Amino acid sequence: MRICIPTETDEAKAAKVYGHFGSAPYFTIYDSKKDSFEVIDNANQHHAHGMCHPMGALDNRKIDAVVCGGMGARAVQKLNEGGIKTYRAVAGTVFEIIKKYKQGELEEITVENSCISHDCH
């Protein structure tokens, strides 16, 4: 299982989750099989509203899930169509979020409960 968590910094498991998927400075990917971390710079973090393309930075990374503070309905739909589940984690470090994910404590983000017009919870 490969889990992508948009993060504020490039500190791997110590990095804090970023509030929104598309504009995160970094993506931290946790690989549960290898128990390893990979940090990717999000070159598309500065973009016009509704024009983000964060999956471009994640191409060929084979992500199974994304955990973040929030994302728009269109991003949720595109990820789900690609077989990627989305989950909400509004605070914490990558280490804490992975622990919550493994314990089944994260809310799944759906088109219906996504950040409509970026009015995140």
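Throughout, read-outs are computed from the coordinates displayed, never taken from laboratory work. Treat the numbers as computed from the prediction; the structure is a model and nothing was measured. Neighbour counts run over all protein chains shown; Cβ positions are idealised from the backbone, glycine included.
Before moving on, here are some points about what is shown:
- Annotation: peptides 94-104, 2-12, ranked by per-residue average of other Cβ atoms within 10 Å with the highest first, follow the order 2-12, 94-104.
- Here the spin labels are modelled as points 7 Å beyond Cα on the Cα-Cβ line, and at residue 9 and residue 80 they lie 3.5 nm apart.
- Rounded to whole Hz, the Karplus (6.51, -1.76, 1.60) HN-Hα couplings of the stretch 75-81, x for glycine and proline: 5, 4, 4, 4, 5, 4, 4
- Radius 12 Å from Cβ of residue 16, net charge of other residues (Lys, Arg +1; Asp, Glu -1): -3
- Stretching the chain fully between residue 1 and residue 35 yields a gain of 11.3 nm (0.36 nm per residue, less the alpha carbon separation).
- Computed over neighbours whose Cβ is under 14 Å from that of residue 94, the net charge equals -1, Lys and Arg +1, Asp and Glu -1.
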